[in-house]
2 protein chains.
Amino acid sequence: MTEDELSRVFAALADPRRRDMVARLAIRDATVNELAAPYDVSVQAISKHLRVLEDAGLVSRSKDGQRRPVHLEAGVFDLMTKWIERYRREAEDRFRRLDAVLEQMEPAAERRGAAS
Amino acid sequence: MTEDELSRVFAALADPRRRDMVARLAIRDATVNELAAPYDVSVQAISKHLRVLEDAGLVSRSKDGQRRPVHLEAGVFDLMTKWIERYRREAEDRFRRLDAVLEQMEPAAERRGAAS
DNA sequence: AACGTGTTCAACCACATGGTTGACAACGAT
DNA sequence: ATCGTTGTCAACCATGTGGTTGAACACGTT
């Protein structure tokens, strides 16, 4: 479940255009047309991109007259950072352990108290 | 430059299998065969996945006899967290500002979408 | 030298994705 | 009621991606 959502989130952010839209949505909500304006593609293409972002839980679309303001759901970021931090930490721990091993292997080391 | 690399990193991590490999590589380096073992796919497929991870800068492959131990390059994580944190912060600032505005507006007023 | 192991390369297939255009639905304005 | 605007849906096309199998390369072993 989370596994799948994480995949969608990463996939959604793998596109520069979508990342740019997220960046702009971080500043303020925007309609589909507003979002499409800066790019040289059809509005339909942007609508598709928004669908991807929405399926990933990164944005939500509400209804206001005939326009649909898009809103960034920043909560999903936590999902990513949690995943990243976990393995970053694991890798760092590992480096630390490796350093310890290397210190211990130091042949010229004096017989002081060993690192615990 | 970073733009493109970021795309590759996100795309690389959009695949559950590749994320799983990263998770395992966070614990220890591994050869292609070791990495392929748990999955029900060909070694060639894993080799391709590793190429994707390598192009994203997430892993490096060295040479040791005829095997090529794969090593996690945890530094790339920083790239992601930096991107994420930036917009998360921006979005949070924005919420804070919005809250301030709402407070300032007497609660008698209806919540109307403010044009920028 | 010959063989087996570990890994990659090449060609191929199925499917997903990003783009297009055209039609349609929903709503505001005239 | 009709028209223009906003946005989505559907069909289509080109390209990318993950999988396969078969061949080749590199290295250790016999």
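The values are calculated or read from the model by the stated rules, or taken from the named source; none is laboratory data. Because the structure is a prediction, the values reported are computed rather than measured. Note: ideal-geometry Cβ built from the backbone for every residue, glycine included; neighbour counts use all protein chains shown. Keep in mind that these areas ignore ligands, DNA and RNA; they rest on the heavy atoms of the full protein, side chains included. Shrake-Rupley method; radii C 1.70, N 1.55, O 1.52, S 1.80 Å.
For B:R97, indicate whether it is open to solvent by 60 Å² or more (accessible area, probe 1.4 Å), in a helix (DSSP H, G or I) and in contact with a His (Cβ under 8 Å, 6 or more places away or on another chain). It is false that B:R97 is open to solvent by 60 Å² or more (accessible area, probe 1.4 Å), in a helix (DSSP H, G or I) and in contact with a His (Cβ under 8 Å, 6 or more places away or on another chain).
So if I check each of B:A30, B:A56, B:A36, B:A12, which one is aliphatic (A, V, I, L, M) and more than 16 Å from DNA strand D (Cβ to nearest atom)? Answer to the check: B:A30. Which residues, taken from segment A:21-48, are touching a residue at least 12 places away in the same chain (Cβ under 8 Å), in a helix (DSSP H, G or I) and open to solvent by less than 80 Å² (accessible area, probe 1.4 Å)? Across segment A:21-48, the qualifying residues are A:M21, A:V22, A:L25, A:A26, A:V32, A:L35, A:I46, A:S47.
Scan segment A:2-14 for residues that are open to solvent by 40 Å² or more (accessible area, probe 1.4 Å) and either modelled with pLDDT under 95 or acidic (D, E) (or both) and jot them down. Across segment A:2-14, the qualifying residues are A:T2, A:E3, A:D4, A:E5. The number of residues in segment A:50-84 being closer than 16 Å to B:R89 by Cβ and loosely packed, with under 15 Cβ neighbours inside 10 Å comes to 2.
One residue stands out among those in segment A:44-66 that are within 8 Å of DNA strand C (Cβ to nearest atom) and among the aliphatic types (A, V, I, L, M): the one that is farthest from the chain's Cα centre (by Cα), which is A:A45. The listed residues are B:A74, B:A11, and the only one of them that is part of a loop (DSSP other than H, G, I, E, B), under 12 Å from the mean Cα position of the chain (by Cα) and within 8 Å of chain A (Cβ to nearest Cβ) turns out to be B:A74. Of the residues that sit in segment B:24-39 and are touching a Lys or Arg at 6+ places or on another chain (Cβ under 8 Å) and within 15 Å of B:V70 (Cα to Cα), which one is farthest from the other protein chains (Cβ to nearest Cβ)? Among those residues, the one meeting the criterion is B:N33.
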